[in-house]
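Here is the structure we will look at.
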């Protein structure tokens, strides 16, 4: 090997190692600074109370409204997206299995929808709301977030369902099942772990997104009593508290960010754990 | 006892599937139509060229020039890509070609966590770390006076946010390259880096372009994190240390007052429509690169 080649070899190797550890380092810094800032200002009061009068000037209270609001919104949207998403994912993998071209078109369409920024969904959701004469509400927020996580849900389920071997499908048919039985009883059971991962992934997206609920879910200091009332969400509460000039309120924004990050970390840990546990029900070929 | 017999149940399930599929299939068209109808008011009164290339943004006087926002968006997005592209490419090559499988087992959760962090939290982190860093160190060091809230801050934060997105695609692409190809090059006496440079990168090029394209589209539409650190000043930025404004930030910042000024809501919906069109266009073009890549 010539010397120049050796130098080039070493140079790029060093660059590669550097960028890999750089990414890990950045992740470490982000997690560290969120925990460091958040842990200082988090308190039991914050987690268990709704904002009191003058909360946004540094008086007492907490972000329970935002925590519960976000959970309600994300649960609602995830359930709705599951009800619409699962049948679509099953349909393209069971009913359309011989129509490769059509399936590719549908997948392509889903990828396109996946790429649409969430603020566009927010604006569209707002347009729909005005069209139907709705106010900002939990319902409008759920509908908007559902649209936003639907492609994520379907495509991640689809990635798992497409790995189900064709032999399993043939076996089901030869034993006399019809197509929808094969889909809902065989395919879902074979892919439980993947479906759980897809649901949790969508839940994480739903709870973390702010741009789509900005117009549609509104914001309130109270806990909502019905679907038609506005609801507070964690990302927006972080955003609003951070815009405050009062340092105590800003500190609460860091604590809220810690809460949100923790929820998302727990969800993603769960999705790995559950995925492994349900692996056993899978038939291996 | 079941309420319905199997054939009836099949019918119910089948109808449910078809309805869901139709909902999903019509969604993008509905999005486009809804936003188009809403921005029609604006498009009716102004020409498209005027809207895009006019610099004046004074909604109260009926002046809607989107040029500063478009330029701001392009600056932020391109800078973010310039920062993130080499790092993602080098990392993807490293973890797929040089390290053992176990290393990927550390990398994957790390990428997942990066991807899972919500954009508001990235924005908050930007305010905590990046903005002061630029205001106190980078700005003075470069001899510029800056608040820190700037195009540069936004693109720093953005470049980190899109790392997991691009890296995942790149890793998949490099893993899909057949090992034989690599072995052939190595057995002809090529060094590892020569193999990567002349064989792998050439083979993966359409895929790499697609990964960057998808990342670009993602970055272009990112809202909250950018909004929080970009400064939100309607002015053409002269340098990267100047504050700017982006299209998504424009929509998000003004939703409260948009109903009180005539044609303002229409203008914001037009901004959303622009975002939608840009995102669809990019994803469409990049999809063909991926198709081309898969043909090999």
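General remarks:
- Extension gain for residue A:6 to residue A:170 (0.36 nm times residue separation, less C-alpha to C-alpha distance): 53.4 nm.
- Stokes-Einstein diffusion coefficient of region A:69-174, Kirkwood radius over Cα pairs, 20 °C, 1.002 mPa s, in µm²/s: 140
- From most to least packed by mean Cβ count within 10 Å, the peptides B:41-48, A:88-95 give A:88-95, B:41-48.
- Square roots of 5 times each gyration tensor eigenvalue, C-alpha, region A:138-191, largest first, Å: 31, 13, 6
- Per residue, the convex hull volume that the Cα atoms of chain B enclose (Å³): 226
- Inter-centroid distance (Cα atoms) of region B:63-115 relative to region A:48-95, Å: 28
- A convex hull fitted to the Cα coordinates of region A:155-283 yields 140 cubic angstrom per residue.
- Inter-chain Cβ neighbour count for B:75-86, averaged per residue, equals 0 (cutoff 10 Å, partner chain atoms only).
- Spin-label zone in region A:234-268 - amide nitrogen under 17 Å from a point set 7 Å from the Cα of residue A:223 along the C-beta vector: A:234
- Tensor-based shape of region A:1-108 (alpha-carbon gyration tensor, a/c under 1.5 rounded, otherwise prolate or oblate): oblate
- Rg and Dmax [Cα atoms of the protein assembly as shown; Å; Rg one decimal, Dmax integer]: 24.8, 81
- Overall, the anisotropy analysis places chain A in the oblate class: the square-rooted eigenvalues a ≥ b ≥ c of its C-alpha gyration tensor yield a/c not less than 1.5, with a/b not exceeding b/c.
- Partner shielding of A:4-16 amounts to 4, given as the average count of beta-carbon atoms from other chains within 10 Å of each residue beta-carbon.
- Taking the centroid of alpha carbons for each part, region B:194-210 and region A:22-42 are 35 Å apart.
- Packing-based order for A:188-199, B:26-37, B:134-145, B:152-163, using average beta carbon neighbours within 10 Å, highest first: B:152-163, A:188-199, B:26-37, B:134-145
- Mean partner shielding of peptide A:83-89, defined as the number of other chain Cβ atoms within 10 Å of each residue Cβ, is 5.
- Global geometry of region A:44-89, whether rounded, prolate or oblate, following the gyration tensor of its Cα atoms and the 1.5 cut on a/c: prolate
- Cα-derived Rg to Rh of region B:6-45, Kirkwood definition: 1.40
- On the basis of the beta-carbon distance and an R0 of 60 Å, residue B:25 and residue A:48 show a calculated FRET efficiency of 0.85.
- Placing dummy labels 7 Å off each Cα toward the beta-carbon, the span from residue A:132 to residue A:272 is 3.9 nm.
- Size-normalised alpha-carbon gyration radius of region B:14-109, reference 2.2 N^0.38 Å: 1.83
- Packing here is the average count of other Cβ atoms within 10 Å per residue, and on that basis the peptides A:177-186, B:191-200, highest first, run A:177-186, B:191-200.
- Cα centroid separation, region A:130-156 to region B:217-282: 21 Å.
- Taking A:136, A:233, A:127 in turn, the Gaussian network model of chain A (Cα-Cα springs below 10 Å) assigns the largest fluctuation to A:127.
- Simple spin-label estimate for residue B:104 and residue B:183 in nanometres, 7 Å along Cα-Cβ: 1.7
Every number here is computed from the coordinates shown, using simple stated rules; none is lab data. What you are looking at is a predicted structure, and each value in this text was computed from that prediction instead of being measured. Backbone-built Cβ (ideal geometry, glycine too); neighbour counts: all protein chains shown.
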